[in-house]
Structures are given as C-alpha cells and as structure tokens.
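Q: Pasting a structure below so you can have a look.
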Amino acid sequence: MPLIQLSMILLREHPPSMTLTIFWLSCSLRLIILIDTLKTIQHFATRCFAVFADRSIFSDGPLSLRTQALEFVARHCSDRVSENIYPVFPASKPMILQSTALRSVDLGSIWILLSRFLSGSRIHDDNTTVAIFHKSVTIVGALIRHRRDLLTPTLPHLGIILQQLVLSMRRVRPHIGAKQTMLVTDTQPRYINAKHPLGPEEARLLARLLEMLTSKTTVRNNRVNTDVQKAESLAKPFSKHAAYVLKAYIEAMNDPLCIISSSLRKELQNGLYALCGMMTDYSRNAMMVSALDAGGKMTMKTLWKDYEKQRYIGKG
C-alpha cells in the first residue's frame with residue numbers, strides 16, 4: 001500500500017516537465033506491486049485509471065506520454081502478463097491474468113480516456129499515429145473477449161466508442177477549400193493528420209472488432225465458479241445499440257466533405273454485416289423512418305441488400 005500511495009502522489013503532484021519520467025517510475029513501481037495480491041493490483045490500477053481520466057495531459061500531452069498511457073491500459077486489460085514485458089516475475093510464480101483484476105469502477109475511467117483520444121481536435125500531430133488507433137482497438141477487444149460482465153452495464157458507452165472508431169475511417173474529400181477541410185479535420189482525433197489518413201489495415205482491425213461482438217466468450221474474473229460459466233456473446237444485448245454504430249458509418253458515407261475509400265469499405269464489410277445481423281426488424285425500420293435522410297436511406301438499403309445477399313450464399 002505505501003508503494004501505491006507513493007506512485008499516486010508522484011502522478012498527481014509533479015512539475016509538468018517531469019510527467020513522462022514520473023509516469024515511467026509509477027509503471028516500474030507497478031511491476032513490484034504486481035507480485036503482491038490481486039486486491040493491491042486492483043487498487044493501484046483503479047487509481048491510475050482515475051488519474052488518466054482526470055488529467056488531460058495523458059490524452060492531449062506529448063505523444064510519447066499519450067501512447068504509453070494507452071499501453072498501460074491495454075496491458076492491464078490483456079489476458080495474460082507477458083514474461084517479455086514483465087521480466088521481474090520469478091519463473092516459479094504463476095502468471096497473473098490481468099483482465100481478472102478489472103473492476104466495474106474502472107470502466108468509467110477507461111471510457112472517458114478512450115473518448116478523449118477519439119474525439120475531434122483543432123490541433124493535430126504532424127504525422128498520423130496509427131498506434132493510438134491500434135491500442136484503442138486492443139483495449140476494447142480485450143474487454144469484449146474477457147470482461148463481458150463489466151461491459152454489459154456500460155453498452156451505451158461501448159456504442160459511443162465504436163461510433164468514434166468508425167468515424168475515424170473518414171478522410172477529407174480531395175479538392176475542397178481550406179474552410180471545408182477545417183470543418184472535417186476539427187471533427188477528427190488529434191492523432192490523425194489529414195494528409196495521412198487511416199488505411200485498410202486499420203479498417204480490417206475495426207471490422208474484426210465489430211465481428212467480435214458476435215463471438216461467444218466466457219468471463220474471466222476472480223470468481224471461483226469461472227469454469228462452469230456458459231459461453232455467450234454480446235450480440236443480443238448490443239442489438240439496441242448496433243443501429244447507432246451503423247448510422248455513424250452511413251452519415252460518414254453521405255457527408256459531402258468526406259469520403260470512405262473503396263478499399264476501406266471493402267475491409268469494413270464483414271464488421272458492418274455483423275452489426276446488421278444483430279439488429280431486429282423493428283430497430284432497422286425505426287432507423288429508416290426516423291434517423292436517416294433520403295441519402296442515408298438509400299445507403300442503408302444498399303448495405304442491407306448486400307448483407308442479405310451474402311447471408312444466404314450457399315444456402316438452399
């Protein structure tokens with residue numbers, strides 16, 4: 001406990017110029033703490049997540065600090081601590097499942113941090129940092145795979161993060177004016193530079209993340225009855241929110257100032273089809289009637305037609 005208190009004091013009270021150094025020192029202290037009990041790990045991680053969410057420097061500061069803060073969260077949400085990452089563990093000690101240390105109180109801080117990374121910004125880095133997108137997808141994917149129990153009460157927040165990830169696929173339409181370009185870039189995250197938009201690899205990762213919602217998983221926590229859990233997916237509980245993620249894609253497709261290139265659309269297809277598969281007829285009809293304009297309805301009809309076509313390939 002004294003180590004936790006020391007690391008939290010260092011994170012909260014230090015000169016701004018020493019933020020990165022103090023962050024690394026706190027991470028080093030965490031390596032020592034990880035050998036201790038699960039309760040200690042949980043307490044330390046919760047405090048760190050709260051600091052990341054509370055202080056904007058971790059999402060809007062130096063690039064190295066931003067990426068390391070996301071890496072910290074990604075490692076804590078991961079399935080297993082790697083010996084290559086944490087060599088301080090004695091060989092005789094069992095590896096600790098990081099995902100089991102997550103608690104419901106942590107999700108609020110994680111969603112706040114991710115939302116800040118993915119929100120629009122008037123300031124942009126000189127080059128697009130795809131690592132931030134990758135780490136964001138890694139965090140959400142780890143939560144879907146291992147902590148469905150924590151995600152279920154916060155599905156609206158998951159939906160918002162997925163919408164922001166979808167909107168990150170946009171790129172500025174060529175040959176538009178400076179003012180129109182700024183209208184688009186101001187809605188894109190800081191880590192994306194308009195001259196270097198995200199590519200097919202990122203679209204493929206996002207599609208896999210969306211497909212992951214339909215995969216059956218078992219919850220990995222520290223309860224003793226984990227081995228008797230029933231494997232389930234998030235498809236049914238997330239069905240109420242799938243329409244909003246699709247709506248973000250449709251709005252991006254119909255934005256006169258933006259484009260989603262054909263290569264990205266191709267990579268996103270399977271993920272979009274997974275969302276279509278979650279939606280009920282009622283949700284789809286309600287979306288068509290009240291949430292989309294004429295152009296959006298046409299895009300939705302085309303998407304749904306393609307979904308139905310691939311759905312029945314090889315059947316009959």
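Bear in mind that the values in this text are calculations on the coordinates, not laboratory data. Just so you know, these numbers come straight off a predicted model, no measurement behind them. With ideal geometry, Cβ positions are generated from the backbone for all residues, glycine too; neighbour counts draw on all protein chains shown.
Q: Using the Karplus curve 6.51 cos²θ - 1.76 cosθ + 1.60 with θ = phi - 60°, work out ³J(HN,Hα) for each residue of the stretch 267-279 in order, rounded to whole Hz, and write x for Gly and Pro.
A: With coefficients 6.51, -1.76 and 1.60, one gets 5, 7, 3, 4, x, 5, 5, 4, 5, 4, x, 7, 6 Hz.
Q: If you don't mind, there's one more thing I want to ask. When the Karplus curve 6.51 cos²θ - 1.76 cosθ + 1.60 is applied with θ = phi - 60°, which whole-Hz ³J(HN,Hα) does each residue of the stretch 280-295 get, with x for Gly and Pro?
A: Along the stretch 280-295, the couplings run 7, 4, 5, 5, 5, 5, 5, 5, 5, 7, 10, 10, 10, 8, 4, x Hz.
Q: Arg208 to Leu38: FRET efficiency via 1/(1 + (r/R0)^6), r the Cβ-Cβ distance, R0 35 Å, to the nearest 0.05?
A: The computed FRET efficiency comes out at 0.70.
Q: Could you tell me the ratio Rg/Rh of the stretch 103-311? Both radii from Cα atoms, Rh via Kirkwood.
A: The Rg/Rh ratio comes out at 0.98.
Q: Mind pulling up the Rg/Rh value for the stretch 176-219? Radius of gyration and Kirkwood radius, both on Cα.
A: Using only Cα positions, Rg/Rh for the stretch 176-219 is 1.21.
Q: Sticking with this one: In sequence order, what are the phi-derived ³J(HN,Hα) couplings for the stretch 141-156 according to the Karplus relation 6.51 cos²θ - 1.76 cosθ + 1.60 with θ = phi - 60°, rounded to whole Hz, with x for glycine and proline?
A: Each residue's phi maps through the Karplus curve to give x, 5, 5, 5, 6, 10, 10, 4, 5, 7, 6, 3, x, 10, 4, x Hz.
Q: Hey, how many Å between the Cα centroid of the stretch 147-168 and the Cα centroid of the stretch 284-300?
A: 22 Å
Q: If you stretched the chain out fully between Gln68 and Ser215, how much longer would it get, using 0.36 nm times the residue separation minus the C-alpha to C-alpha distance?
A: Numbers: separation 147, 0.36 × 147 = 52.92 nm, distance 2.93 nm.
Contour length minus Cα-Cα distance gives 50.0 nm.
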